[in-house]
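Nothing in this text is a laboratory measurement; each read-out follows from the coordinates by a stated rule. This structure is a prediction, so every number in the text was calculated from the model and none was measured. In this analysis, Cβ positions are derived from the backbone assuming ideal geometry, glycine residues included, and neighbour counts consider all displayed protein chains.
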Amino acid sequence: MLELETLSARAGGFRLDGVSLTVGAGECHAVLGPSGSGKSTLLAAVLGTLPVSSGHVRLAGQDITRLPVEHRHLGYVPQQLGLFPHLSVRDNVRYSARARRVPEAEYRPLLDRLTEITGIGALLDRRVSTLSGGERQRVALVRALAANPRLVLLDEPFTALNESLRRELWWLMKDLQRERGLTVLLVTHDLTEAYFLADHITVLIDGRQEQSGAKATVYRRPASEPVARFLGLKNLYPARRLEAGIVDCPALGGRLAASGDAAGDGETLLAIRAEHVALRQPDDPPRDGETRLTGRFEAVLDLGEAALLHFRADSGALLEVRCGSRVLRKYGWQAGSPGTVGLPAADLFILRR
């Protein structure tokens, strides 16, 4: 449906450089990255409000790189929503279809259905200025979808809402996507939002595309240190790649087997997610492919359903560990308690610095 080919654009002194990604029909693709990474610049280039300096934007096989905004047939929900405060909700949601000169007989059935799904029927005669944040969000979504766009662009639309309302609207988006077969390009800095809504993700760092892929793959195997740190991975240790699948990592005990495709021998990083560090008892039998470390727990935090622990290995390495609170309560670990952890080889992976 949407294809970006080595897309570059400049906004003032900032440059978005060579982004390539595809969004299949009916999919949601999330663009993630810290503030200033180029997420909104990318969306503006797709929308057509920012000129493209090189590369191509294709929609359903059509090159729309140089088309004006009004001819791209895109739905758009900006971060500030862009509703017209002097108009009623009814006039706001009709606006996009009327602006494209879609006959009422064509857009009315869809608009009626969207009104029903989103529950804004009771709001139609009210002014936007009288609505709550969540109500405005629903109105903005209906307005963006009312003209049956080929692609919907969402620019951090849920950022200003509280957690419970945001989750309610995430489910609404899921329902809309399932019923309408929406193709969505979502820009967000919220990892939970991206992983809830999206099928695939792209991570931008400083205007560069660091990684794209299925969300589970990017989460489990970030390709570089900047991506890993953005995704919240704490267990990163200097290592030297010796050969395919083998590294020397003094912090974790020396020579270890690991997965990953960091190119070439030499300096790299060895990583493991906190939830993949296994808590062991000293008398647990050895497991194939697992490295055991002994040490002490420096901090133990019970979060209710889950627990977060900091484990200082005798080698000096500090590991973040996540487990279920039931496990924590069963064994009674506290700050200062001695402990043993296991590092399964299948969950240790190499990434580039």
- request: Under a cut-off of 20 Å between alpha-carbon atoms, report the lysines in cross-link reach of K234, not counting same-chain residues fewer than 8 places apart.
  value: K215
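Got a sec? How would I201, I246 order by Cβ neighbour count within 10 Å, fewest to most?
Details: I201 26, I246 14.
The order, fewest Cβ neighbours first, is I246, I201.
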message: Taking the Cα centroid of segment 3-26 and of segment 279-345, what is the distance between the two, rounded to the nearest whole Å?
response: 42 Å
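If you rank Y76, Y331, Y107 by fewest surrounding Cβ atoms within 10 Å, what's the result?
Arranged by neighbour count, lowest to highest, Y76, Y331, Y107 become Y331, Y107, Y76.
Would you calculate, for the chain, the mean residue ellipticity at 222 nm contributed by helices, counting each DSSP H stretch of 4 or more residues as -39,500 (n - 2.57) and dividing by all residues, to the nearest 500? Don't skip to the end; give the middle numbers.
Values: 9 runs with 92 residues, N = 353.
The helix-only estimate for the chain comes to -7500 deg cm²/dmol at 222 nm.
Take the alpha carbon gyration tensor of segment 233-353, find the square roots of its eigenvalues, order them as a ≥ b ≥ c, and report rounded if a/c is under 1.5; if not, report prolate when a/b exceeds b/c, else oblate. Please list the in-between numbers first.
On the way: a/c = 2.13, a/b = 1.91, b/c = 1.11.
Note, shape of segment 233-353 comes out prolate.
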task: Would you please give the residues with an amide H less than 5 Å from that of E298, counting only those at least 5 places away or on a separate chain, with H modeled from the backbone geometry?
output: H310, F311, R312, G336
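Counting other beta carbons within 10 Å of each Cβ, put T130, T183 in order, fewest first.
On the way: T130 11, T183 22.
In order of increasing Cβ crowding within 10 Å: T130, T183.
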query: Looking at (i) 5, 24, 31, 25, 12, 3, 0; (ii) 5, 19, 20, 14, 12, 12, 10, 7, 2, 0; (iii) 5, 21, 25, 21, 15, 10, 3, 0, which value of P(r) over Cα pairs in 10 Å bins from 0, in percent comes from a calculation on the structure shown?
result: (iii)
query: Amide H of G18: which non-local residues (sequence gap of 5 or more, or other chain) have their own amide H closer than 5 Å, using H built in the peptide plane?
result: L7, S8, A9
For A147, distant residues with modelled amide H under 5 Å away: A97
task: Report the relative contact order of the chain, percent, no decimals, based on alpha-carbon pairs under 8 angstrom and at least 6 residues apart.
output: 16 percent
- line: Karplus-derived 3J(HN,Hα) from phi for segment 330-337 (6.51 cos²θ - 1.76 cosθ + 1.60, θ = phi - 60°), whole Hz, x at Gly and Pro, runs 4, 9, x, 5, 9, 4, x, 5
